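Written below as structure tokens is the structure these notes are about.
Values in this text are rule-based calculations from the coordinates and carry no lab data. Computed from a prediction, not measured in an experiment: that's the story for all the values here. Don't worry about glycine lacking a Cβ; one is built from the backbone with ideal geometry, like all the others, and counts go over all protein chains shown.
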């Protein structure tokens with residue numbers, strides 16, 4: 001197999017595996033802040049048990065996330081040396097900022113968060129929880145900024161020529177606030193909130209169905225449902241803004257996302273479909289002229305299609321990009337419907353009356369992960385054939401000395417190691433969930449308290 005394809009597969013695989021964990025850390029961090037804040041406001045120990053329980057799961061996701069993230073930095077040097085030389089000034093600045101403003105903050109408070117229970121005051125521990133959560137948020141800032149610069153590069157000039165050419169920053173803040181960074185960052189943050197919220201919803205829905213920790217789980221479920229509802233609706237707004245930005249700055253990518261081939265014509269919006277690249281046709285359910293209206297708020301303004309661009313400047317895997325994008329959108333719409341319907345039932349006092357709905361939440365835990373993954377695949381595959389949009393082609397970014405056999409061998413090794421890590425993560429996660437939110441000494445007291453609540457509710 002071609003070395004470029006293998007290198008791209010390897011990086012996509014390692015990034016995709018790593019990206020299971022940072023969104024969970026960011027989302028769980030927000031939920032932990034809310035839970036611990038509720039404990040400080042109400043003084044109810046139930047909220048403290050809740051926060052302690054999710055802190056343990058946060059620690060698990062954080063640890064594996066850090067370990068898997070380091071690998072990618074080495075891949076830049078081994079497989080993508082030309083790319084590393086070209087963007088080193090930009091990426092170096094962003095990664096240095098992450099270390100200074102994000103990782104230092106996060107790791108500085110992490111010890112207090114994990115081991116400070118009963119050793120520092122509740123207010124100090126709450127501040128540490130906020131510090132860790134903000135650190136994870138800031139970490140996402142600099143990673144997204146670096147990636148967004150590749151999509152819409154600004155604030156730089158090119159130094160050198162040929163293989164020695166590299167991008168050098170001329171305006172740091174122009175680089176940070178490049179045309180796509182803010183929209184993409186808010187989209188990533190909200191996707192992370194959904195990942196964390198749906199994990200909490202899944203676990204506590206499971207407890208309720210099994211008759212365990214019912215009172216605590218109902219409170220935790222409601223907290224997570226508020227976050228999930230607000231995030232679901234907000235994601236629709238940020239997604240629309242992001243698509244507008246893609247239409248302006250990366251029109252070839254937008255054409256691939258929507259399967260629009262005509263050089264310059266009105267464009268339909270497909271709810272789902274299948275792209276026949278050879279015949280340049282899309283079969284499926286569509287809203288006629290829908291894409292034109294979403295972009296221009298009229299039904300007549302033409303949209304640039306794939307045929308508008310030279311063939312060597314278009315994405316190639318059109319159907320895959322189309323499918324990934326529409327899977328993400330479909331999951332987002334499902335989240336809005338599910339959370340608004342559940343919020344309506346909560347308002348009617350019937351939130352926990354439907355077992356089928358709780359089972360939906362149990363199994364929906366995987367959907368934010370799928371949406372995050374396919375969203376990134378659509379964004380990165382849609383940028384092709386560029387690794388830095390309009391400046392450096394992916395085929396020119398490879399290391400000159402790496403061979404296909406070397407990349408294939410390391411890909412097989414990573415697959416084995418990451419499979420073991422995933423199995424370990426799922427085993428430990430399951431073990432912590434089975435153990436529940438209460439320590440042994442608290443279980444009897446919790447059971448008595450919940451029994452009294454159930455008797456009171458029946459009366």
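The Cα center of the range 377-393 and the Cα center of the range 135-210 differ in position by 16 Å. Sorted on the mean count of surrounding Cβ atoms within 10 Å across their residues, most packed first, peptides 171-183, 308-320 read 171-183, 308-320.
Computed from Cα atoms, the angle from the helix 318-347 axis to the main principal axis of the chain rounds to 20 degrees.
For the chain, the longest principal axis of the C-alpha atoms and the axis of helix 81-97 are separated by about 40°. Between residue 312 and residue 101, the contour length at 0.36 nm per residue exceeds the Cα-Cα span by 72.0 nm. Ordering of 83-89, 199-205 by packing is 199-205, 83-89, highest average first (other Cβ atoms within 10 Å, averaged per residue). Calculated [222 nm] ellipticity per residue, helices only, for the chain: -24500 deg cm²/dmol; basis is -39500 (n - 2.57) per DSSP H run with n ≥ 4, divided by all residues, nearest 500.
Compute the angle between helix 181-209 and the longest alpha-carbon principal axis of the chain, please, reported from 0 to 90 degrees and rounded to the nearest 10. In the chain, helix 181-209 runs at an angle near 30 degrees to the longest axis. Between residue 416 and residue 120, what is the spin-label point distance in nm, taking each point 7 Å from the Cα along the Cα→C-beta axis? The modelled label-to-label distance comes out at 4.2 nm. With contacts taken as Cα pairs under 8 Å at a separation of at least 6 residues, the chain carries a relative contact order of 19 percent.
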